[in-house]
Amino acid sequence: MVAQGSRRIWVALLLILGLGACLQAKPQQRWTEKAANDWYRKQPWLVGSNYIPATAINQLEMWQADTFDSKRIDLELGWAESIGLNTMRVFLHDLPWQQDARGFTTRIDTFLQIANKHHIKPLFVLFDSCWDPDPRLGKQHEPLPGIHNSGWVQSPGAKALQEAAQYPRLEAYVEGVVGAFAADERVLGWDVWNEPDGTNQGSYEKLEPKNKVALVLELLPKVFAWARDAHPRQPLTSGVWKGRWSSSEKLDPVEKIQIEMSDIISFHSYDKPEEFEKRIVWLQPYHRPILCTEYMARGNGSTFQGSLPVAKKYHVAAINWGLVAGKTQTYLPWDSWQHPYTDREPAVWFHEIFRNDGTPYQLPEVHFIRDIIAGKLSAAY
């Protein structure tokens with residue numbers, strides 16, 4: 001009887017373990033509308049910036065071991081906390097993972113420790129199709145005088161994007177990074193690919209693969225699937241950024257993937273308040289949380305005073321481009337690629353909130369940001 005009872009216990013345990021393995025192997029699905037909205041209700045009104053320290057020209061300089069600047073990050077996130085910002089959108093890169101996965105993961109954890117100290121939850125970006133398509137590890141070049149974002153690099157680079165043999169490496173990066181922090185409450189979410197079908201007209205257009213959009217169209221669903229295979233407790237997204245999203249019929253193929261595979265909907269808008277609001281209304285029929293993950297270009301009519309009241313009215317997260325002026329030089333406008341600002345300052349800064357020394361670019365602006373986040377100003381401001 002004892003032997004038979006023990007056997008029954010072992011059989012039961014094996015069945016439980018087998019069921020657990022089956023459940024673990026089951027592919028994770030896109031969040032339901034209810035799950036996405038339940039998650040969003042637990043968040044504060046999310047307001048923050050796209051973040052890179054002033055000491056880094058691009059993602060590689062931010063994350064490589066010899067240039068990772070934790071003291072500077074701590075200082076700058078302190079400035080963000082001082083005006084009430086509670087999230088940052090932060091770009092990662094596949095090459096530091098390829099070079100030293102363990103070290104890269106450790107530095108991400110260090111960043112999360114600093115961010116958590118300042119009550120900031122980052123949204124991490126895994127891939128990015130913007131700017132230089134030829135990223136290279138090692139020492140990064142100095143900023144080109146008078147040019148906006150003259151050193152930012154794509155991930156994956158054009159070569160990796162065109163070589164299917166490199167996709168297992170990219171898969172290992174996505175699953176490795178997301179998997180390492182899949183249950184980490186310090187992480188807000190995962191933006192799997194920034195402006196995936198961007199072709200960088202006016203900057204690196206001639207260096208882009210001729211079939212870039214077709215390649216992205218094939219790879220983007222895989223990236224979503226790789227991230228889900230890591231079973232993150234945080235939501236996945238990829239932001240629509242061009243075109244008209246007023247109906248599903250008007251979405252292009254890449255936008256359809258972005259909308260249909262995202263747990264939460266995200267978008268970019270460097271437009272005046274009226275257009276910003278229109279785009280929010282276009283996305284409301286999806287009945288999911290909405291995050292604006294890029295806005296605020298003063299010279300383009302996109303401002304904190306114009307966009308934040310609209311975002312608050314609709315309870316939309318608002319993450320502007322740029323926190324501190326530094327080596328990215330994104331305080332300079334986009335047209336600096338055609339007319340570098342080598343002999344003059346722009347009439348108004350394009351992006352960024354703080355100067356390199358932590359003083360606000362515009363003091364009334366930071367007072368406004370602090371007050372509207374704190375609830376001292378209404379959406380009808």
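Name the residues in the stretch 310-330 that are within 25 Å of A56 (Cα to Cα) and surrounded by fewer than 22 Cβ atoms within 10 Å (Cβ to Cβ), would you?
Of everything in the stretch 310-330, those that are within 25 Å of A56 (Cα to Cα) and surrounded by fewer than 22 Cβ atoms within 10 Å (Cβ to Cβ) turn out to be A325, K327.
Restricting to the stretch 114-149, and then to whatever is without any contact (Cβ under 8 Å) to a residue 60 or more places away in the chain and part of a helix (DSSP H, G or I), can you tell me which residue is surrounded by the fewest Cβ atoms within 10 Å (Cβ to Cβ)?
K117
If you take the residues in the stretch 150-182 that are of a type in the set (A, V, I, L, M, F, W, C) and more than 18 Å from the chain's Cα centre (by Cα), which one is surrounded by the fewest Cβ atoms within 10 Å (Cβ to Cβ)?
Among those that are of a type in the set (A, V, I, L, M, F, W, C) and more than 18 Å from the chain's Cα centre (by Cα), it is A165.
Between residues in the stretch 45-66 that are more than 17 Å from K327 (Cα to Cα) and residues that are modelled with pLDDT of 95 or more and part of a helix (DSSP H, G or I), which pairs lie under 6 Å by C-beta distance while being six or more apart or on different chains?
What qualifies is V47/I373; A65/G103.
Being touching a residue at least 24 places away in the same chain (Cβ under 8 Å) and closer than 20 Å to I83 by Cα narrows it down to one of I319, I264, I259, so name that one.
Checking each option against the conditions leaves just I319.
Within the bounds of the stretch 60-78, is there any residue that is at pLDDT below 95, surrounded by 12 or more Cβ atoms within 10 Å (Cβ to Cβ), part of a loop (DSSP other than H, G, I, E, B) and of a type in the set (S, T, N, Q)?
Looking for residues that are at pLDDT below 95, surrounded by 12 or more Cβ atoms within 10 Å (Cβ to Cβ), part of a loop (DSSP other than H, G, I, E, B) and of a type in the set (S, T, N, Q), one finds none in the stretch 60-78, hence no.
List, please: which pairs have Cβ atoms under 7 Å, are six or more places apart or on different chains, and start with a residue in the stretch 352-369 that is within 23 Å of K71 (Cα to Cα) and modelled with pLDDT of 95 or more and end with one that is part of a helix (DSSP H, G or I) and not aliphatic (A, V, I, L, M)?
F354/W79; G358/W79
Whether any residue in the stretch 85-100 is over 21 Å from I319 (Cα atoms), without any contact (Cβ under 8 Å) to a residue 40 or more places away in the chain and either within 20 Å of the chain's Cα centre (by Cα) or in a helix (DSSP H, G or I) (or both) is what I want to check.
Yes, some residue in the stretch 85-100 is over 21 Å from I319 (Cα atoms), without any contact (Cβ under 8 Å) to a residue 40 or more places away in the chain and either within 20 Å of the chain's Cα centre (by Cα) or in a helix (DSSP H, G or I) (or both).
Which residues, counting only those in the stretch 350-381, are over 14 Å from G146 (Cβ atoms), touching a Gly at 6+ places or on another chain (Cβ under 8 Å) and part of a loop (DSSP other than H, G, I, E, B)?
H351, E352, I353, N356
Tell me, which residue of the stretch 344-370 that is surrounded by 13 or more Cβ atoms within 10 Å (Cβ to Cβ) and polar (S, T, N, Q) is farthest from L308 (Cα to Cα)?
N356
Here is a yes/no grid of residues against (1) outside any helix (DSSP H, G or I); (2) polar (S, T, N, Q); (3) under 23 Å from P235 (Cα atoms):
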| residue | (1), (2), (3) |
| --- | --- |
| G306 | no, no, no |
| K312 | no, no, yes |
| A318 | yes, no, yes |
| K327 | yes, no, no |
| Y331 | yes, no, no |
| Y341 | yes, no, no |
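Quick one: in the stretch 231-258, of everything that is of a type in the set (G, A, S) and touching a strand residue (DSSP E or B) at 6+ places or on another chain (Cβ under 9 Å), which residue is farthest from V281 (Cα to Cα)?
By that ranking, first place goes to S238.
Just name the residue that is nearest to Y341 (Cα to Cα) out of those in the stretch 299-309 that are surrounded by fewer than 23 Cβ atoms within 10 Å (Cβ to Cβ) and under 21 Å from the mean Cα position of the chain (by Cα).
Among those residues, the one meeting the criterion is T303.
The values are calculated or read from the model by the stated rules, or taken from the named source; none is laboratory data. All values derive from a computational prediction rather than experimental measurement. Cβ coordinates were reconstructed from backbone atoms using ideal geometry, including for glycine residues, and neighbour counts include every protein chain displayed.
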